[in-house]
1. Calculate, for Asp35 and Ala74, the FRET efficiency according to 1/(1 + (r/R0)^6) with r their C-beta to C-beta distance and R0 35 Å; round to the nearest 0.05.
2. DSSP loop GluC sites (Glu not before Pro) in the range 175-205 with at most 10 other Cβ atoms within 10 Å of their Cβ, which ones?
3. How much length is gained on full extension from Lys184 to Asn110, taking 0.36 nm per residue of separation minus their Cα-Cα distance?
4. If you wrap a convex hull around the C-alpha atoms of the chain and split its volume per residue, what is the figure in Å³?
5. Quick one: how many lysine pairs does the chain have with C-alpha atoms less than 22 Å apart and a gap of 8 or more or different chains? Give me the count, please.
6. For Thr53 and Arg176, what is the calculated FRET efficiency with R₀ set at 25 Å and r taken between the beta-carbons, to the nearest 0.05?
7. Taking the Cα centre of the range 28-148 as the origin, how large is its charge dipole in debye, to the nearest 20, when only Lys and Arg (+1) and Asp and Glu (-1) carry charge on their Cβ atoms?
8. Which whole-number percent is the relative contact order of the chain (Cα, under 8 Å, 6+ apart)?
Amino acid sequence: MKLLKGALAVALATFAVGCITTSEDVNINIQKAKDKAVMEVIMSRRSIRDYKTEAVDREQMAKVIECGIYAPSAMNQQPWAVRVVDDKEFLDGVTAIAVEKMPQLKEQENFRNFFRNAPTVAFIACPEESYSGEYDCGLLSENMMLSAWSMGIGSCCLGSVVPVMNSEEAKPYMERLNLPEGYKLLVAIAFGYPEGEHPTAPERDSSKAYYIE
Ligand SMILES: Cc1cc2nc3c(=O)[nH]c(=O)nc-3n(C[C@H](O)[C@H](O)[C@H](O)COP(=O)(O)O)c2cc1C
């Protein structure tokens, strides 16, 4: 009986020690969860090419922009200009110009606009002459897309928008973007709440990155 009591005491003590969680353990676990959250956002982001019609909530978009401008930039020059448009008339106007040039666009399934049906579009520009403007804008863009996705907002970079925006017909829309003198449009980024199934990731070629021993 004495032996049984002793064994019980040892078992209880072991259980109690196992249950003790220090604040250090909690911090480590929170950090692990955060690491996982960031990696999950990175790995699950996909280019979204169809959206619900409602514009992205402007408070959410403000967070996306803030995350964008907190990207690193060479010598902290912040060589970017970001213009966000959720005006349907603007996006439909540019769409009409694009359709005039490329009538086949209308054959796309569910085609509503030239921005992959996005209701909110960010136009990203950088100085024509700059040390690392394009690189820095790439970092800003990815920050915007990842922070958006962390809130369930889909996105897609749209290089195809640039030649249309630079066309003579789209001049009034370019003027409305009010880009600083000497800036060029680099890319547009579609934003919106995703419609339809989440795409699977196009294959990546892991042989493009490796250690040199
Ligand atoms: C600079 C740039 C321009 C792009 N332009 C277009 C575009 O005009 N239209 C489009 O549908 N996707 C465009 N994309 C999206 C790519 O096709 C997409 O990122 C790539 O296929 C990988 O897929 P994922 O983003 O889902 O991982 C562009 C991406 C980048 C980075």
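1. Here the calculated transfer efficiency is 0.80.
2. On the way: sites: Glu175, Glu181, Glu195, Glu197, Glu203; in loops: Glu181, Glu195, Glu197, Glu203.
Of the GluC sites (Glu not before Pro), the ones in loops of the range 175-205 whose Cβ has at most 10 other Cβ atoms within 10 Å are Glu181, Glu197, Glu203.
3. Net length gain for the segment: 23.5 nm.
4. Here the figure is 236 Å³ per residue.
5. Close lysine pairs under the 22 Å cut-off: 12.
6. Computed FRET efficiency for Thr53 and Arg176: 0.70.
7. Here the range 28-148 has a charge dipole of around 480 debye.
8. On the way: 283 pairs, mean separation 61.8, N = 213.
The value is 29 percent.
The values are calculated or read from the model by the stated rules, or taken from the named source; none is laboratory data. Please read all numbers here as calculations on a predicted model, not as lab measurements. Reconstructed Cβ throughout: ideal geometry from the backbone, glycine too, with neighbour counts over all protein chains shown. These accessible areas exclude ligands, DNA and RNA; they are computed on the full protein's heavy atoms, side chains included. Shrake-Rupley method; radii C 1.70, N 1.55, O 1.52, S 1.80 Å.
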